[in-house]
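Bear in mind these aren't lab numbers, they're just calculated from the coordinates by the rules spelled out. Not measured: the values here are computed from a predicted model.
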Amino acid sequence: DPIEKEVIIGATCTLTGKGGKFTAITDNFGDFWLKDLPEADFTLTIAAGGKTKTFEVSTKEKDLGLGDIPLA
């Protein structure tokens, strides 16, 4: 949360695309993992507290790290 300068616990992270639909929830550190995904292009939507962030990602590269993602 860029306003509170804290991680968001319990945010819903949904990955959708031709490879399927996958969902994870952020943990106590604000982290989430989606494992064993098919190689494809996806749209990732992260939502919590009425705020969302959506962007394109690809699993064609292994171990994709997204870093900190502010929800505004």
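If contacts are Cα pairs under 8 angstrom and at least 6 residues apart, what is the relative contact order of the chain in percent? Don't jump to the answer; show the numbers that get you there.
Values: 132 pairs, mean separation 20.9, N = 72.
Relative contact order for the chain comes out at 29 percent.
How large, in Å, is the chain by the Kirkwood hydrodynamic radius built from its alpha-carbon pairs?
Working: mean 1/r = 0.0791 Å⁻¹.
Result for the chain stands at 12.6 Å.
Provide the gained length on full extension for the span Trp33 to Leu71, in nm with one decimal, where the gain is 0.36 nm per separating residue minus the Cα-Cα distance. All intermediate terms of the calculation are to be shown ahead of the outcome.
On the way: separation 38, 0.36 × 38 = 13.68 nm, distance 1.76 nm.
Stretched out fully, the Trp33 to Leu71 stretch lengthens by 11.9 nm.
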